[in-house]
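The values are calculated or read from the model by the stated rules, or taken from the named source; none is laboratory data. Note that the structure is predicted; figures quoted are calculated from it, not measured. Quick reminder, even Gly has a Cβ in these numbers, built from the backbone with ideal geometry, and neighbours come from all protein chains shown.
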Amino acid sequence: MDRIHLIIICLLWACVNVCECEPAMFGEVSSPQYPQTYSANLQEQWDLEVPQGYQIQLTFNHLDIEPSPDCYYDSVSVLSDKKVLGKFCGQNSTDKFHPGHKPILAPGNRLQLVFLTDDSNHESHLGFTAFYQAVDIDECSSSSVENGPPCSQICLNTLGSYLCACNHGYMLRSDQRTCVLECGGGVHSELEGTISSPGFPDMSPLDLDCTYTISVQPGYMITLNFSQNFHIEQVYNQGDTCLFHWLQVSIQGKPLQKYCGGKSPGVLNTGSHIVQLEYHTDAYGQSHGWSLHYTTQRVRCPNPGNIDNGKVTPNFAQYLYRDYIHVRCNPGFKLMMGDKEIPSFKSICQSNGQWHLNLPECKIIDCGAPKPLLNGNIQFISGENNEYQSVIEYQCNEPYYIFKDTAKVTYKCAVDRKWREFNSNDVIPTCYPDCGKNTEVDAGGRVFGGKSAKLEQIPWQLLHNVYTRGGASLINDYWALTAAHVVDGLENFNMTWLGGIINSKEKNPVTLKAEKIIIHPNYKRVPRGGHQTNFDNDIALIKMSDRVPLGPNIRPVCLPGKTHEPVMEGTMGTVSGFGGFEKGLKSEVLRYGHIHEYSSDQCVFGSLPVTDNMFCAGDDVQHVDSCQGDSGGPLFFPMLGHGTKEQPYEVRGIVSWGPSRCGQVSKGYYTKVQNYLSWIEETMANN
């Protein structure tokens, strides 16, 4: 029982919630089983309702109920508040008690339908179907409204209800039906409007104390424009004083002004966003009153003026409340507010007639200190303080460093605050060592029995004489080129190379410490205690631990171009080194000699293999040849003494191998450098 009881309560609660829904505006109702025959002994009731403020109207779409006098047996009745509006039966609209299709309008918003049948139905009858809908009530013209008209003055019919309004000079009471005389009207906050005294232009009521306040948002100024039809009683024997009837205008910060008589005040520019008007009449006299139309204008701000090296926009003849201005600097100038740079500037005209921010300044930009140039210097050509349009010139430390394609590069401080070339490039150039240059002196002589070199004559020549004596060629300010067999097995030793010398016993040589030794990967290493059986790929690179200080005594030689022509093009080149110069004697000084290229079939020494990575050179006539101690040194072209700016010296070969005894054949083999240009470039780039 308890469970059943709870279910009933829940069902009742749900039913109450459904009933609280807003009634429908229309609907349909039919007898049970319609359009099938209805049953006997029925008693059904429908409570129909539409929203408040509407009448409910019912129309039978079809009615087929057993006819009888006064609908005694079967019937459908329509009631409103227990009052029967009709009792219907029959089959055709010609039947006496048949409703036909004529609507039935209830006085209110509710109807009840009651369908009754007796215990017999000798013929088959279908019953009925009907449509109901909400019909708006014109409350303003209805005579059924209790206690007289709903509004004391003006009634406005609305859908489902009505609104009351008042004649001019009156205001609606809180009951929303009756009107009383208006006096003041509260606060007028619209930017434009019309105000008049009660009853204007008819006679003003007596004993008035009306207050009207016009209050608009700050930033606007009110202008009062009184109509010419102005009349407030004035006692003339009292002079211009307004004693009994008056209109007083109060403006903040200004003296009070009272107006009376027959002359209109005309146009009053108040200069304020708040104005109060007080209209007073006493118990006597006659005043027809006044009317005014008020407008508003935005407060004006002073012209912001101009700004040096910039522009103020927009350019208006006058600037009013809420107007914006922007400041943009000319190209090459930046916005500054005091000592702080700002990305943009905007100022607004405030309600007090002042700009909320003062104008900034446009100051010239600067690109900051130019990036330093390694192995070069910077010189200002024009401008100062690194400012916009300043021009600088980069120059390499000649004659040892140069740009690749030009002698100097000019940069300008650009609008984006970068130093840029005139072609807009902002990449700082690189100073490259100027290769293949020397101080020319007289040439000639031999290496084996050759002539001693002069200082600055072969500045790329390097010497190592600690573990084994050998040479190398400086090819830039970090890297040197030598033969692989000179450094084979010494990669992990702290090798020191000497440069800028022509005598191996020089007391103040340029000392170059090797950081890396990289032997060509295809070179066949010699096992410890073994003998060299193959000099193919006899080439190695040495990276120094510090940048080589280039000068007149130590400068790089150039690498050859990628060409398939003979190594020395049918002319002579020069070989240099600190190796043997006479039988059994090692040279303590740098010597050089001129040699030319031979074909391989003219250079057969024992059984060592000859490959395309090497070439034979020497001089059988003058008996010029490289010797022990010259290994790794350069064979350069053109011949010493014939180098020019257009044809600098190039290392075409590396002293590699030859006969065991120098001078017997006066020829030897050299590593062909041009075959290794890609390996040299990639190795230096990756290390």
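Does segment 123-143 contain at least one residue that is within 30 Å of Glu22 (Cβ to Cβ), assigned to a loop (DSSP other than H, G, I, E, B) and at pLDDT 90 or above? No.
Yes/no per residue for (1) crowded, with 24+ Cβ neighbours inside 10 Å; (2) closer than 13 Å to Asp538 by Cα:
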| position | (1), (2) |
| --- | --- |
| Phe636 | yes, no |
| Gly641 | no, no |
| Lys645 | no, no |
| Pro648 | no, no |
| Arg652 | yes, no |
| Ser656 | yes, yes |
| Gly668 | yes, no |
| Thr671 | yes, yes |
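Is it the case that Lys334 is outside the structural domain of Ser189 (by TED's automatic domain parsing), basic (Lys, Arg) and touching a strand residue (DSSP E or B) at 6+ places or on another chain (Cβ under 9 Å)? Yes: the conditions hold for Lys334. Here Pro433 does not fit the description of being over 14 Å from Cys367 (Cα atoms) and surrounded by fewer than 16 Cβ atoms within 10 Å (Cβ to Cβ).
Looking at the structure I just gave you, is Gln52 within 60 Å of the chain's Cα centre (by Cα) and either among the polar types (S, T, N, Q) or over 21 Å from Gln133 (Cα atoms) (or both)? Yes, satisfied. One residue alone among Ser93, Ser120, Ser141 is surrounded by fewer than 15 Cβ atoms within 10 Å (Cβ to Cβ) and under 20 Å from Thr37 (Cβ atoms), and that residue is Ser120.
Look at (1) crowded, with 24+ Cβ neighbours inside 10 Å; (2) among the β-branched types (Val, Ile, Thr); (3) without any contact (Cβ under 8 Å) to a residue 24 or more places away in the chain and you find that Ile542 fails only one, number (3). Among the residues of segment 198-227, those that are assigned to a strand (DSSP E or B), in contact with a Gly (Cβ under 8 Å, 6 or more places away or on another chain) and either in the same structural domain as Gln354 (by TED's automatic domain parsing) or not hydroxyl-bearing (Ser, Thr, Tyr) (or both) comprise Cys210, Ile214, Met221, Asn225, Phe226.
For segment 228-270, give me each residue that is surrounded by 15 or more Cβ atoms within 10 Å (Cβ to Cβ), in a loop (DSSP other than H, G, I, E, B) and in contact (Cβ under 8 Å) with a residue 24 or more places away in the chain. Of everything in segment 228-270, those that are surrounded by 15 or more Cβ atoms within 10 Å (Cβ to Cβ), in a loop (DSSP other than H, G, I, E, B) and in contact (Cβ under 8 Å) with a residue 24 or more places away in the chain turn out to be Phe230, Glu233, Gln234, Phe244, His245, Cys260, Ser264, Pro265, Thr270.
Test of understanding: among Cys301, Cys329, which residue is buried (at least 21 other Cβ atoms within 10 Å of the Cβ), farther than 30 Å from Val391 by Cβ and within 51 Å of the chain's Cα centre (by Cα)? Give the derivation first.
Values: Cys329 fails: farther than 30 Å from Val391 by Cβ.
It is Cys301.
Each row is one residue, and each column tells you yes or no for (1) in contact with a Cys (Cβ under 6 Å, 6 or more places away or on another chain); (2) within 24 Å of Ala453 (Cβ to Cβ).
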residue: Asn522; (1), (2): no, no
residue: Pro527; (1), (2): no, no
residue: His531; (1), (2): no, no
residue: Asn537; (1), (2): no, no
residue: Ala540; (1), (2): no, yes
residue: Met544; (1), (2): no, yes
residue: Leu550; (1), (2): no, yes
residue: Pro556; (1), (2): yes, yes
residue: Pro560; (1), (2): no, yes
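Scanning segment 496-547 for residues that are assigned to a strand (DSSP E or B) and within 60 Å of the chain's Cα centre (by Cα) yields a total of 19. Put simply, of Asp625, Asp630, Asp620 the only residue that is surrounded by fewer than 24 Cβ atoms within 10 Å (Cβ to Cβ), out of contact with any His (no Cβ under 7 Å at 6 or more places or on another chain) and among the charged types (D, E, K, R) is Asp620. Does Phe535 meet the test of being in contact with a Leu (Cβ under 6 Å, 6 or more places away or on another chain) and assigned by TED's automatic domain parsing to the domain that holds Ser607? When the stated conditions are applied, Phe535 does not pass them. In segment 417-442, the residue that is farthest from Leu474 (Cα to Cα) out of those that are modelled with pLDDT of 90 or more and aromatic (Phe, Trp, Tyr) is Trp419.
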